[in-house]
Amino acid sequence: MLRSLYSGISGMKNFQTKLDVIGNNIANVNTYGFKKSRTTFADLVNQQIAGAAGSTQTNAGTNPQQIGLGSKISSIDTIHTSGSTQTTSRTLDIALAGDGFIPVASINDLSRVNIDQGNQIGNNIIAGAIDSAVDMNYTRAGNLYLDDRGYLVTAEGMFVIGETGQKSVPTEQAITKSQNALNAINNFSTPFGNMTTALEDFTKQANDLMNAYQEYNDAQISYTKNEAPATGGPLYNAMVSSHSALTTLVGQFSTAQTAYNTNANAFSGGNIGALNTAVASFNSTAPLGTIIKEFNTTISQINGTYTVPAQGAGVPDATLSNLNTMLSNLSNNMIDLEKIGQSVVNFESIASNLQDPSFTNKLSGEAGLIQIPLDAKSFSIGPDGTVTFVNNAGELNVAGQIRIAMFANAGGLEKVGGNLFKQSSNSGSIDKNNNGIQLNELSIAGQDGAASIIAGALEMSNVDLSEEFTEMIVAQRGFQSNTKIITTSDEILQELMGLKR
C-alpha cells in the first residue's frame, strides 16, 4: 500500500482538529474574558531509505534519504493576549488591565469558612490555607454580582476570593442589650401614639374654641351697637346662634382637655421616664432628659378653665389672651413631642444596629470572602481591587479587596468551562512554599506586575474574526489537498490492479 494514503489521512485528521479549534474560537467571539486557541502541527515519523554518509578522500558526503509518514498535532495553545475593554458603567463589572486572573472558588469545607449562615453571622475569614477550604478557580470574566447575603460572586455563583474587610460580629451581650432597648421602645410606642392623638385633638378643639369666642364676640358687638338688647332681628339671631355654638365647643374643649391631661400625666410621669431610664442604661446617658424637661414645662403651662359668658355679654379680654397663650404652648408642646419621637427613632436605630455586623475603614489582613451589606447606600471598586461602600449612617467602610492570581506559565492553565481556568502541573503554582495558598501569595492589583482593575468595564474576547476566517480557509484548503493525495494514491493503486488484466 502507498505511504501517501496514510499521510493524507493524518493530514485530514489534523485539519479537522484545526477546524474544531477555529469553530470554538468563533463561537466565543463575544464571551467576556475568553482566550482564543490555536493549533500547531509537527511532522510524524520519517522512514529511513538511506543514511547519511560522510565525505572521504575520493567522494563527497551524502545526505540521509527519508520519507515522512504524515503529520500530527504538535500543540493546541491558549493565547493569553488581552482582549479589548468594553465600558459598561456597571459598578460590579471589572476588567483586568494586564496579566493575572481573578481568584474565585466554591466552598468545600464550611467549617473553615466563617460565612453568614441562616441567623448566624460570620466574619468571612478563611481559616488556614485558602485552597484547603475552597476549590480554587481563576477567571478573566469580570461580570460580578451580589448574592442574597451581599457576597461578591461570579455568574456561576462562585465566591470572589481576596482580603476581607474588618467585620465585627455582634456579641450575645450586645444582642441582649439591643433587644432590651427595642422592647422598651415597643412598650413606649402605644402611649406615645395616644399622647400624639390627644395633643392633636386638644389643639384642634382649642383652635375651634378660639374661633367660636371670636365669632360670638363679633356677633355680640354688632348686636349691641346696632340694635336695642331685645329679641328678634337678624343680628340678635346671629348672636344667639354663635352663643349656642360657643356653648357646645366649650363642652367639647373641656372633654378634650381632660383626655389630654390624663394622657399627659401618664406620659410625662411614667411612660417617658421608663424610656429615658432604658436609654440611660443603654449608653450611660439620658439624652431625652432635656427634652423631657421642656415637655413637662409646656404641659404645666397648659391649664385654665374656659366658660361661656352670659348671652349678650362680651368675652373678657383675659379669656382670649389666656387661650391664645395656651395655643402657643400647645404648639411648643407638639414640637417637643416631635423631638421626643425623633430621639426615639434615632435611639431605635442605634439599638437595632447593635444586632447587625459592622465594618471599619480598614482591611483585616486575612484571606476570605468579600461582602457588601445589603443596606449599603452605595459601593465602588478601586484600581487596586479595594471594595468600599457607604453604610446606612453615611460612613465610608471597606468590604474587602479583590486579589490577583499570577502564574509563571499562564498558557499551562486548563480550561474547565464557565470562563474558568484551573491550575495544572505545568502552569506553575501560586503556592510557593508548599503549605497551601496564603493571602500574601495573591497579588495586589497594580503591584509586582499584576494587572490593575478597571471598574465599570469588561474585557472582551481576544478572538480576531478576520484571522479566524483566514485560518478557516487555510484549513479547508489543506483538508482538500489531503483528500487529493488520497484520491491520487487510489488511482495509482487502480492502475496497478489493472496490470493483471
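Kindly evaluate residue 436 against the criterion of being closer than 24 Å to residue 124 by Cα, outside any strand (DSSP E or B) and in contact (Cβ under 8 Å) with a residue 40 or more places away in the chain. Considered against the rule, which asks whether it is closer than 24 Å to residue 124 by Cα, outside any strand (DSSP E or B) and in contact (Cβ under 8 Å) with a residue 40 or more places away in the chain, residue 436 comes out as yes.
Residue-by-condition table, conditions (1) under 30 Å from residue 125 (Cα atoms); (2) assigned by TED's automatic domain parsing to the domain that holds residue 401; (3) free of Cβ contacts under 8 Å to residues at least 40 places away in the same chain:
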residue	(1), (2), (3)
12	no, no, no
16	no, no, no
22	no, no, no
28	no, no, no
43	no, no, yes
64	no, no, yes
74	no, no, yes
96	yes, yes, no
107	yes, yes, no
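Residues that are in contact with a His (Cβ under 6 Å, 6 or more places away or on another chain), of a type outside the set (S, T, N, Q) and outside any loop (DSSP other than H, G, I, E, B) occur in the stretch 408-426; there is at least one. Within the stretch 142-171, the residues that satisfy the criterion of being among the aliphatic types (A, V, I, L, M), assigned to a loop (DSSP other than H, G, I, E, B) and modelled with pLDDT of 95 or more are 144, 158.
Helices (runs of 4 or more DSSP H) wholly in the stretch 254-354 with at least 1 residues that are of a type in the set (D, E, K, R), within 18 Å of residue 197 (Cβ to Cβ) and modelled with pLDDT of 85 or more - which ones?
317-353
All conditions in (1) closer than 27 Å to residue 149 by Cβ; (2) touching a Leu at 6+ places or on another chain (Cβ under 7 Å); (3) in a strand (DSSP E or B) hold for residue 96, with the sole exception of (2).
Filtering 347, 379, 359, 407 for residues that are of a type in the set (Phe, Trp, Tyr) and either without any contact (Cβ under 8 Å) to a residue 12 or more places away in the chain or closer than 22 Å to residue 101 by Cα (or both) leaves a single hit, 407.
The values are calculated or read from the model by the stated rules, or taken from the named source; none is laboratory data. Given the structure is predicted, the values throughout are model-derived calculations rather than measurements. So basically every Cβ, Gly included, is an ideal-geometry build from the backbone, and we count neighbours across all protein chains shown.
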